[in-house]
Structures are given as structure tokens and as C-alpha cells.
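S.K.: The structure is given below, and queries will be raised subsequently.
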Protein chains: 2
Amino acid sequence: MQWMSTPARLLLAVLFLSFQTMAQTPPRQPTPNDTLKSPNVLAGNRVVVQIYAPKASEVIVSGDFLMGAKPLALTKDANGVWSVTVGPLRPDYYTYTLLVDGVRTMDPKNPVIKQGINSLENVMAVPGAETAFQDNRPVPHGELRQVWYSSRTLGMMRRMHVYTPPGYEKGSTKYPVFYLLHGGGDDDSGWPTVGRAGFILDNLLAAGQAKPMIVVMPNGSMPPPPSSASGAPNQAQAMTRMRALFADELLKEIMPYVEKNYRTLTNRENRAIAGLSMGGFQTLDLTLSRPDLFNYVGVFSSGFFGPSIDEAETKYASALNDPGFNKNKKLFWIGIGTDDFVMDANKKTMAMLDKHQIKYQYKETGGGHTWINWRQYLNEFVPQLFR
Amino acid sequence: MQWMSTPARLLLAVLFLSFQTMAQTPPRQPTPNDTLKSPNVLAGNRVVVQIYAPKASEVIVSGDFLMGAKPLALTKDANGVWSVTVGPLRPDYYTYTLLVDGVRTMDPKNPVIKQGINSLENVMAVPGAETAFQDNRPVPHGELRQVWYSSRTLGMMRRMHVYTPPGYEKGSTKYPVFYLLHGGGDDDSGWPTVGRAGFILDNLLAAGQAKPMIVVMPNGSMPPPPSSASGAPNQAQAMTRMRALFADELLKEIMPYVEKNYRTLTNRENRAIAGLSMGGFQTLDLTLSRPDLFNYVGVFSSGFFGPSIDEAETKYASALNDPGFNKNKKLFWIGIGTDDFVMDANKKTMAMLDKHQIKYQYKETGGGHTWINWRQYLNEFVPQLFR
């Protein structure tokens with residue numbers, strides 16, 4: 001499935017189905033499922049989510065389109081089709097998941113999905129002018145490359161996604177590099193798919209609103225500890241271990257690989273880093289432990305969660321107490337939604353920065369801990385880079 | 001989800017779940033679902049497929065691992081977990097789909113999937129020495145690039161995947177190009193994901209068994225006709241329209257884009273084409289309508305289906321009756337499984353080629369119309385290219 005391309009259903013499905021029929025399926029009665037469309041976007045940006053499940057006793061839908069409200073129950077019609085109409089929704093890309101009698105179920109009529117490391121979600125598009133910044137438009141597109149490298153740090157093959165801007169392939173220019181980190185539960189496919197990072201960059205570049213750059217999207221989810229480790233780690237221990245492992249992976253593996261294999265500018269003036277949630281925590285860690293590396297920093301919907309603020313204040317004392325810290329940070333941008341459940345950690349982190357007179361820009365939006373916000377933050381952050 | 005990477009479940013899921021808990025989920029009783037693993041590969045290459053669905057009255061699994069046998073019923077235990085143990089299976093990557101009370105359901109415990117244009121399937125890995133040729137191994141990897149281009153032929157943005165071999169990025173060599181086509185119901189993501197094309201190429205190159213090449217995987221599924229068209233097209237009409245549209249797309253859009261933007265060798269001696277099923281039909285069409293373009297041809301599990309053999313014999317009379325046709329085909333390779341439901345079309349196609357003394361190699365394997373065979377065919381075909 002082309003991620004979020006024009007949602008046209010394609011003719012060849014007809015042929016495919018006729019193959020299937022030839023192959024194995026006995027003749028059967030038509031059902032309401034045959035012509036069902038879900039999600040079905042109506043006039044006025046209302047959306048019908050529906051599923052044919054005649055034997056089910058309960059169907060529920062959850063997702064970020066609910067804007068923090070409780071999951072909704074679908075209702076069943078006489079034909080066995082469960083449905084609910086939601087909205088009007090602001091045009092955007094939304095995730096949703098169905099529960100059919102308690103079983104997590106991908107909408108059988110919607111092949112557009114978001115993949116996490118442990119679970120899937122469906123994605124629905126509500127088209128409109130508001131989505132122009134993240135749409136797949138007829139402008140020059142950069143390439144999104146899947147890159148496998150051998151990590152000595154982790155002892156395994158690891159993948160990253162690398163966006164190279166339009167013109168990279170045929171040119172000889174060197175580019176600044178932006179390291180863009182996903183959140184917990186996701187991997188390096190998060191920003192290129194549901195995060196729409198490629199399209200957001202393409203559109204900003206086409207409009208002359210961003211400098212051409214390479215965007216590196218690593219896998220920030222670390223492998224679990226050896227199974228001999230006694231008991232499950234608590235959250236602070238897990239975060240501390242993850243923080244150290246990821247810092248090693250980025251500094252010893254990913255950055256050297258990128259700077260060796262792509263035409264990059266390799267000074268701090270030409271390096272940026274940003275991340276959402278867990279990736280924001282990783283960004284804060286790298287910004288304060290290696291203030292020499294990145295002059296542009298973005299922290300989306302995050303803060304020092306896990307280890308305490310006291311621990312952070314001790315660990316990063318050198319950077320926090322350095323009167324020269326602000327001088328090299330051309331941008332230190334923090335964004336979060338008013339309904340975000342990590343708001344408390346975010347506020348404590350900003351209080352720590354304030355105490356040490358670390359300067360940053362703060363953007364508080366509506367909404368919660370969702371990709372709805374993260375795509376908007378990326379679109380606002382990128383134009384400020386490498387200026 | 002990293003496609004088919006080491007299936008380790010990652011620690012960060014713990015953190016993610018703790019976020020989720022903080023965010024919205026009320027405390028609840030543990031269920032058997034919490035610790036369920038599916039698919040669970042046992043010693044001896046048997047596999048347990050299982051799902052927690054206490055309210056369901058019937059759960060069925062289908063998939064290519066059944067080797068053409070009928071779908072299997074799962075049985076329910078006292079805890080509400082439905083399961084079935086299958087195998088022993090030959091080590092490979094298999095697709096499967098659950099039906100829970102008639103609702104197509106992605107295994108909630110398995111985020112590894114194959115995406116089609118209209119539906120999803122789960123993928124299970126049964127590890128073993130037999131899969132070495134298609135595993136993600138610690139060898140140099142090429143890059144898999146997602147490339148969006150603007151198609152004047154189709155009037156839309158289109159995507160292809162391009163594999164560039166290890167060393168491409170830093171070198172100046174020009175490479176031969178292999179156009180590799182998917183089947184009906186899929187798109188350009190088929191070969192790079194479930195088809196494991198990148199890993200198969202990586203492993204062949206690392207073993208010195210293939211020439212370095214660029215592999216172009218276009219989207220061969222054509223947009224449907226305008227909705228004003230009266231009635232649904234029959235299969236022959238749909239195939240004829242698709243054949244013409246795809247030939248235009250490849251010749252006018254894709255090949256010029258590739259030859260302009262990548263370091264390619266652009267003569268027939270350095271061009272190959274192969275496809276499976278619908279892509280095999282497209283390959284046959286291009287091979288016989290433009291015999292000047294490709295010296296290496298592969299037809300996997302296909303034949304002239306849709307339009308009749310008589311139509312083909314007329315349409316391609318020029319190539320079929322050209323005594324010089326064989327001279328430029330250094331390889332014309334046809335492969336199919338004995339249980340394949342397009343075997344009849346394949347045989348009629350070979351009879352037509354025989355009648356006109358067109359030479360080809362024929363490989364008949366076991367198995368049916370499945371990715372199990374197509375990955376094997378790719379692994380056998382690629383070493384013969386550009387020799």
C-alpha cells in the first residue's frame with residue numbers, strides 16, 4: 001500500500017479477486033461486507049467507521065481522532081454492519097483501532113496502517129486545505145532510504161531511514177543533517193509513515209521555507225536486556241539504560257555512518273536534533289551531555305520522565321552551569337499540548353532549565369500526546385533550522 | 001516495525017505501556033492475552049497460532065503455509081485462548097490471516113505484516129538454515145529507496161522502490177538495471193517487504209554470486225477507469241487496459257526517470273525484466289512488444305491470462321515470427337509451481353512460444369501461487385543476469 005497516497009481503490013483488485021475465485025474460494029452468497037467502505041468520509045468532514053461483524057456483541061473504536069475522549073461504541077444494523085459516525089473532524093490524518101468483542105481488529109476495509117514495534121493501528125485521512133503541508137503533492141520529492149548498518153554497540157543489524165532532499169542524487173553539495181527521533185513503541189518507520197516527515201520536508205522545500213538538509217531517522221528503541229536479568233526493570237532503570245544505550249548508538253554508530261556515507265556538513269552549526277516523547281527525552285540527554293554537537297534542538301511532548309529531575313540536574317551539571325551554553329544553541333524549541341499526560345515532566349524540566357538560565361522557545365498548543373501535534377511541530381521546527 | 005528483523009520484543013514497549021497506563025487506561029484484571037505469544041515457533045519447526053477471543057464462536061486460519069490445504073479451525077481452551085499447532089514447516093517466511101467469527105483479523109500479537117493495496121496479511125518467520133538466502137544477515141546491504149515521481153501518463157504522483165547495491169553511494173560506476181514487477185493486489189512495496197528482494201540481492205552479492213545491479217520495483221497496479229465507464233469490465237478488458245497503461249508507464253515515465261537519475265547502463269545488454277503473476281503478464285507483453293529493450297527476461301507463475309492466446313499470437317506476431325528474436329535474449333526464464341492455478345495459462349503460453357521456436361528455460365517447482373516460490377525464483381534468476 002502506498003502510504004497515504006490517493007486513496008483510489010485500484011482496478012487490479014478485480015483481477016486479483018478473480019484469481020482468488022479461480023484458485024480456491026467456493027461460490028458464496030454476497031454479503032454487506034462486499035460493498036462496505038470504511039472509513040467513509042462524508043460531506044462536512046464527518047466520518048463513518050464501520051465493520052461487518054454479524055456475530056459480535058460489542059464493537060468499540062478508539063483513536064487519536066477522539067481528542068482524548070473515551071472510546072466510542074458502534075451500533076449494529078439489521079444486516080450485521082456495526083457503524084459510528086464521528087466528526088466533523090478537522091482535516092488531518094488520524095489513527096484508530098477497533099475492538100470487536102474485545103479483540104483488537106484492524107479495519108478489514110482499510111489497508112492503511114501505522115506499524116509500531118508491538119502493534120498496528122489504522123490510519124484515516126480527512127482531506128482538506130489544512131493538510132496541505134503534509135500531503136503528497138506534485139512537487140519535487142526527496143528520497144526516503146532504508147539503510148541497514150551493522151551496529152557493534154548493539155551487536156546486531158540495525159535500520160535507519162534517511163531522507164535526502166530533491167537534487168541530492170545528481171549534485172555534489174554537502175548538506176546539514178537533522179537527526180529526528182521517534183517515541184516509545186515505535187521505530188525508525190514512525191516519522192517516514194504516520195509522521196509524514198518526507199512530505200512535510202518536500203513541501204517546505206518547494207515553498208522555499210526550509211534549507212535543503214539530510215534528515216536521519218534512526219531506530220531509537222533499544223533491545224531488551226539479557227533475559228537472565230532478574231525481574232522487570234522499573235521505569236527509571238529502564239529509561240536510564242535506554243538513555244545510555246541510545247547515546248552510544250547515535251554517537252558511535254549512526255553519526256559516523258552518516259558522516260562517512262553521505263555528503264554532510266559535520267560541524268555543530270550544521271547539526272540539529274529533535275524527538276518526540278521518548279525521543280524528546282533522548283534529545284534532552286544528548287543536548288545536555290554533549291552540548292558541543294547540536295546547535296539546533298527540538299523537544300516535542302517530552303521532559304525528564306523516568307529518572308528524577310534531581311538526577312538530571314546532577315548528571316548534566318556541567319552543561320547546566322556553563323555560562324556559554326546558550327551561545328551555541330541557535331534554537332532550543334520545546335512544544336507540548338495542553339492535554340498531554342507528560343505535561344508535568346515537561347514543566348519540571350523547563351523549571352530546571354529556567355533555574356540555570358538556559359534559554360529556550362516554548363510553544364504550547366492544544367491537544368495531547370499524538371501524531372496530530374508532532375507533525376505540526378515538525379512543520380514549525382524545520383523552517384528554523386540552519387539559518 | 002523493522003520488516004522481519006530479529007523478532008525480539010523490545011524493552012521500550014514497557015515504557016510505552018506505562019505511558020498508556022498513565023494516560024488513560026483504568027486499572028484492570030490481567031487476562032491470558034497479556035502474556036500470549038503468537039506465532040509461537042516450537043522446537044521441530046512447529047508453530048502455534050493463537051488468539052485470545054473468549055466471546056468468539058469460531059476462529060479459522062488461512063495462509064500460504066497450508067500449501068494449498070483448506071483453512072484450519074482453531075480450538076478454544078478454558079481461558080478463552082484459541083490455538084492451533086501447525087507443521088513441521090520448512091523454514092521460511094509465511095503469510096497467514098485469522099477469521100474470528102467471520103471477521104478478517106490481524107493477529108493482535110504479531111505486528112509483522114504484508115501490505116496489499118486492499119488488504120493485510122500477517123507474516124510468520126520459521127528460522128532455519130534454509131532461509132539463509134533471504135535473511136537479514138551481517139553483510140553489506142544496499143539501500144532501498146522510496147522514490148516519488150510525477151507521472152504525466154497517469155496524471156498522478158507514483159511511487160517506486162529502487163535498490164542500489166552496496167557501494168553505490170560512494171562510487172562512480174554505472175550499473176545494469178533489473179526491473180522487477182509484483183503481482184495483482186500488491187504494489188511496489190511487495191518485493192521489498194514480503195518478497196525480501198533487498199536481502200536476497202545483498203546475500204547474493206556478498207557471496208559473489210550476482211553482478212552488482214540496480215533493481216527498480218515500480219508500482220504495476222493501474223488506477224481504475226473513470227467511474228463513468230458503464231459496468232464492471234470483464235477480466236480480458238481489464239487486462240488489456242492494464243497492459244497498455246503499464247507499458248506506457250514503464251517506457252515513458254519509469255525507465256526515463258531511472259536512466260536520468262541513477263548511474264545506469266542503458267543498452268539492452270544491461271537491462272533485465274521479470275515479474276510474478278500479473279507482473280509476469282506485463283513482462284511477457286513488454287518482452288514481445290519491445291524485443292529491443294531487455295536481454296534478460298523472467299516470468300514467474302504467469303502466462304497470457306485474460307486476453308486469449310489467439311489475441312497474443314496476433315498482437316505479438318512481429319516478435320514471434322522474427323528469426324532473430326532468440327539471438328538477443330540471453331535469458332528467457334519461466335518458472336511455476338505444479339499446484340499453481342495459472343498453470344493452464346502458463347502451458348498455453350509456452351505452447352505458443354514453442355510453436356514460434358522462441359527459446360526459454362523452464363523450471364517447474366512444487367508449490368503454488370505464493371511468495372514462497374517467488375523468493376526462490378528471484379534467488380535463482382538474479383545470478384544469471386548480466387553475464
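The values are calculated or read from the model by the stated rules, or taken from the named source; none is laboratory data. Being a predicted model, the structure only gives us computed values, none of them experimental. Ideal geometry is used to build each Cβ from the backbone, glycine not excepted, and the neighbour counts take in all protein chains shown. Just so you know, the surface numbers come from the protein's heavy atoms only, side chains and all, with ligands and any DNA or RNA stripped out. Shrake-Rupley method; radii C 1.70, N 1.55, O 1.52, S 1.80 Å.
S.K.: Residue B:113 fails exactly one of the following numbered conditions: (1) surrounded by 21 or more Cβ atoms within 10 Å (Cβ to Cβ); (2) touching a Pro at 6+ places or on another chain (Cβ under 9 Å). What is the number of that condition?
M.R.: Result: residue B:113 fails condition (2) only.
S.K.: Are any residues in the range A:148-184 assigned to a strand (DSSP E or B) and under 10 Å from residue A:214 (Cβ atoms), and if so, which ones?
M.R.: Within the range A:148-184, A:162, A:163, A:164, A:175, A:177, A:178, A:179 meet the criteria.
S.K.: Right, another one. Being closer than 23 Å to residue A:53 by Cα and away from chain A (no Cβ under 13 Å) is the filter; apply it to the range B:61-75 and report the residue that is most open to solvent (accessible area, probe 1.4 Å).
M.R.: By that ranking, first place goes to B:75.
S.K.: For the range A:270-282, how many residues meet the condition of being buried (at least 24 other Cβ atoms within 10 Å of the Cβ), away from chain B (no Cβ under 12 Å) and assigned to a helix (DSSP H, G or I)?
M.R.: Looking only at that region, the number is 1.
S.K.: Within the range B:90-113, count every residue that is more than 10 Å from chain A (Cβ to nearest Cβ) and among the basic types (Lys, Arg).
M.R.: Within the range B:90-113, residues that are more than 10 Å from chain A (Cβ to nearest Cβ) and among the basic types (Lys, Arg) number 1.
S.K.: Go over the candidates B:122, B:45, B:118, B:79 one by one and state the one that is open to solvent by 30 Å² or more (accessible area, probe 1.4 Å), under 17 Å from the mean Cα position of the chain (by Cα) and touching a residue at least 24 places away in the same chain (Cβ under 8 Å).
M.R.: Sole residue among the options that is open to solvent by 30 Å² or more (accessible area, probe 1.4 Å), under 17 Å from the mean Cα position of the chain (by Cα) and touching a residue at least 24 places away in the same chain (Cβ under 8 Å): B:118.
S.K.: If you don't mind, another one. Can you give me the number of residues within the range A:114-137 that are in a strand (DSSP E or B) and more than 7 Å from chain B (Cβ to nearest Cβ)?
M.R.: 7
Listed here are the residues, each with its yes/no results for (1) of a type in the set (A, V, I, L, M); (2) surrounded by fewer than 13 Cβ atoms within 10 Å (Cβ to Cβ).
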residue: A:321; (1), (2): no, yes
residue: A:324; (1), (2): no, yes
residue: A:331; (1), (2): yes, no
residue: A:338; (1), (2): no, yes
residue: A:343; (1), (2): yes, no
residue: A:351; (1), (2): yes, yes
residue: A:363; (1), (2): no, no
residue: A:368; (1), (2): no, no
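S.K.: Here's another thing I want to ask about it. Report, ordered by the first and then the second residue, all pairs with beta carbons closer than 7 Å, sequence separation of six or more or different chains, a first member in the range A:249-269 that is more than 14 Å from chain B (Cβ to nearest Cβ), and a second member that is among the acidic types (Asp, Glu) and open to solvent by 50 Å² or more (accessible area, probe 1.4 Å).
M.R.: Here the result reads A:266/A:259; A:268/A:292, each pair linking the range A:249-269 to a residue that is among the acidic types (Asp, Glu) and open to solvent by 50 Å² or more (accessible area, probe 1.4 Å).
S.K.: Of these, A:152, A:137, which one is open to solvent by 10 Å² or more (accessible area, probe 1.4 Å), basic (Lys, Arg), at pLDDT 95 or above and closer than 30 Å to residue A:247 by Cβ?
M.R.: The match here is A:152.
S.K.: Here's something else I'd like to know. Does the range A:134-148 hold any residues that are of a type outside the set (Val, Ile, Thr) and either closer than 21 Å to residue A:187 by Cα or under 16 Å from the mean Cα position of the chain (by Cα) (or both), and which are they?
M.R.: Matches in the range A:134-148: A:134, A:135, A:142, A:143, A:144, A:145, A:146, A:148.
S.K.: Separate question: Quick check on my filter: what residues within the range A:140-154 are touching a residue at least 12 places away in the same chain (Cβ under 8 Å), facing another protein chain (nearest Cβ under 9 Å) and among the polar types (S, T, N, Q)?
M.R.: Of everything in the range A:140-154, just one residue is touching a residue at least 12 places away in the same chain (Cβ under 8 Å), facing another protein chain (nearest Cβ under 9 Å) and among the polar types (S, T, N, Q), namely A:146.
S.K.: Now a separate question. State all residues of the range A:253-269 that are farther than 26 Å from residue A:327 by Cβ, open to solvent by 30 Å² or more (accessible area, probe 1.4 Å) and of a type in the set (Ser, Thr, Tyr); if no residue qualifies, say none.
M.R.: A:257
S.K.: What number of residues within the range A:157-168 are among the hydrophobic types (A, V, I, L, M, F, W, C) and either open to solvent by less than 10 Å² (accessible area, probe 1.4 Å) or outside the structural domain of residue A:140 (by TED's automatic domain parsing) (or both)?
M.R.: 2
S.K.: Would you pick out the residues in the range A:192-215 that are outside any helix (DSSP H, G or I) and either in contact with a Cys (Cβ under 8 Å, 6 or more places away or on another chain) or away from chain B (no Cβ under 13 Å) (or both)?
M.R.: Matches in the range A:192-215: A:195, A:207, A:208, A:209, A:210, A:211, A:212, A:213, A:215.
S.K.: Mind checking which pairs have a first residue in the range A:278-303 that is assigned by TED's automatic domain parsing to the domain that holds residue A:179 and within 15 Å of residue A:373 (Cα to Cα) and a second that is open to solvent by 10 Å² or more (accessible area, probe 1.4 Å) and among the hydroxyl-bearing types (Ser, Thr, Tyr), Cβ under 9 Å, 6 or more apart or different chains?
M.R.: A:299/A:360; A:301/A:370
S.K.: Moving to a separate point now. If I filter the range A:169-188 down to residues being facing chain B (nearest Cβ under 10 Å) and surrounded by fewer than 23 Cβ atoms within 10 Å (Cβ to Cβ), which single residue comes out as nearest to residue A:297 (Cα to Cα)?
M.R.: Among residues in the range A:169-188 that are facing chain B (nearest Cβ under 10 Å) and surrounded by fewer than 23 Cβ atoms within 10 Å (Cβ to Cβ), the one nearest to residue A:297 (Cα to Cα) is A:185.
S.K.: Also, quick follow-up: Just to be sure before I move on: is residue A:70 of a type in the set (Lys, Arg) and over 18 Å from residue A:31 (Cβ atoms) in the structure I sent?
M.R.: In short, yes.
S.K.: Further question: Considering every residue within the range A:228-246, establish whether at least one is aromatic (Phe, Trp, Tyr), open to solvent by less than 60 Å² (accessible area, probe 1.4 Å), at pLDDT 95 or above and farther than 22 Å from residue A:303 by Cβ.
M.R.: Checking the range A:228-246: not a single residue is aromatic (Phe, Trp, Tyr), open to solvent by less than 60 Å² (accessible area, probe 1.4 Å), at pLDDT 95 or above and farther than 22 Å from residue A:303 by Cβ.
S.K.: For residue A:26, which of the numbered conditions (1) at pLDDT 95 or above; (2) more than 30 Å from residue A:207 (Cβ to Cβ) fails to hold?
M.R.: For residue A:26, the exception is condition (1).
S.K.: Against the condition surrounded by fewer than 15 Cβ atoms within 10 Å (Cβ to Cβ), aliphatic (A, V, I, L, M) and assigned by TED's automatic domain parsing to the domain that holds residue B:367, how does residue B:317 come out, does it pass?
M.R.: Yes.
S.K.: State which residue is modelled with the highest pLDDT when the search covers only the range A:29-58 and only residues that are of a type in the set (S, T, N, Q) and farther than 17 Å from residue A:96 by Cβ.
M.R.: A:57
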